[in-house]
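Before any comments, here is the structure.
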Amino acid sequence: MRRIYVIFGALLLGAPMLVGDSKPQRPPFDYRPLERVLAKYLDAEGRVDYAALKQNRHDLDEMIERISSVSPDSAPELFPTREAKLAYWINAYNAWILRIVVDNYPTTSITKIGMIPYGAFFVKRVRLGGSKMTLRSLENDIVRGRFHDPRIHFAINCASASCPPLRNRVYLAETLDQQLDAATRAFINDPRHVKLDAAGNRIELSKIFDWYASDFTEALGSKSGGKRTVADYLKGYLNDERRQVLEKLPQAKVSYQEYDWNLNDQAQAVARGSSR
């Protein structure tokens, strides 16, 4: 009889644990509408078929509705980790960029949307989790200001030819680090954005490395004998062959490319005869 009491007591003690274990977990934030947009309307270079997207925008509009009502600030329980939060803000930025262009398409450049040049970034206010902010604030105050990860510059897209391209998958918490690394390596190893001219002793870089130079150098910290440089950051992501070229250019002249603000539109790229 005593044995029965012991077993029964053990079951009672275990009951709360069983109940707790059976409590349903809240599902992660659902980015599937944006995933469908990226999978369907991007080409291999990350350019967007805006004409087709404008005609079939249901998924994009659904994604905008979701990010407009929920964010890591308004519902932190849905975004329990740093990675979950950052993935949301990156996806939200890219979704709103697509929405703004689609709402104003056809246009040749996002810089022409709005009453003033670059108004899409500085004036237009987008809704995220019930709060309104500009895309400039989203990028600088939240994505850059809170997370201090320069790889985000290769993940957020400004709908322009010189921007790091959109990728055909959304960013997810569980794979965020690998995704950011992949986007960074792809951009830095693309000669269109990082040109290493050994014969001419020249380095020509995307304007991104000029505008946000401190983001890249501060991420590396300091070193004995001097400050870190953008070149030091590049070395961490260049493939072996290109890194060896860069190491032979310690005194090279560095210049920055003019930024191409033409829309990242498939139709316009064809009209320009561009490979990008």
Odd one out for Glu174 among (1) buried (at least 16 other Cβ atoms within 10 Å of the Cβ); (2) part of a helix (DSSP H, G or I); (3) of a type outside the set (Lys, Arg)
(1)
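Confirm whether Arg136 is among the basic types (Lys, Arg), assigned by TED's automatic domain parsing to the domain that holds Val48, surrounded by fewer than 16 Cβ atoms within 10 Å (Cβ to Cβ) and not in a helix (DSSP H, G or I).
Details: among the basic types (Lys, Arg): yes; assigned by TED's automatic domain parsing to the domain that holds Val48: yes; surrounded by fewer than 16 Cβ atoms within 10 Å (Cβ to Cβ): yes; not in a helix (DSSP H, G or I): no.
When the stated conditions are applied, Arg136 does not pass them.
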Do we find a residue being polar (S, T, N, Q) and within 24 Å of Ser68 (Cα to Cα) anywhere in region 179-191?
no
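Can you tell me which residues in region 72-94 are among the small types (Gly, Ala, Ser) and buried (at least 23 other Cβ atoms within 10 Å of the Cβ)? Spell out how you get there, then give the answer.
Let us first name the residues in region 72-94 that are among the small types (Gly, Ala, Ser), namely 74-75, 84, 87, 92.
Result: Ala87, Ala92.
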Failed condition for Ser137, given (1) free of Cβ contacts under 8 Å to residues at least 12 places away in the same chain; (2) more than 26 Å from Tyr105 (Cα to Cα); (3) not hydrophobic (A, V, I, L, M, F, W, C):
(2)
Of the residues that make up region 248-258, is at least one part of a helix (DSSP H, G or I) and in contact (Cβ under 8 Å) with a residue 60 or more places away in the chain?
no
When region 148-171 is checked residue by residue, the ones that are in a helix (DSSP H, G or I) and farther than 27 Å from Gln257 by Cα are none
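So which of Asn201, Asn168, Asn239 is outside the structural domain of Val101 (by TED's automatic domain parsing), surrounded by fewer than 16 Cβ atoms within 10 Å (Cβ to Cβ) and touching a strand residue (DSSP E or B) at 6+ places or on another chain (Cβ under 9 Å)?
Being outside the structural domain of Val101 (by TED's automatic domain parsing), surrounded by fewer than 16 Cβ atoms within 10 Å (Cβ to Cβ) and touching a strand residue (DSSP E or B) at 6+ places or on another chain (Cβ under 9 Å) holds for just one of Asn201, Asn168, Asn239, which is Asn201.
The values are calculated or read from the model by the stated rules, or taken from the named source; none is laboratory data. Fair warning: this is a prediction, and the values are worked out from it, not measured in the lab. So basically every Cβ, Gly included, is an ideal-geometry build from the backbone, and we count neighbours across all protein chains shown.
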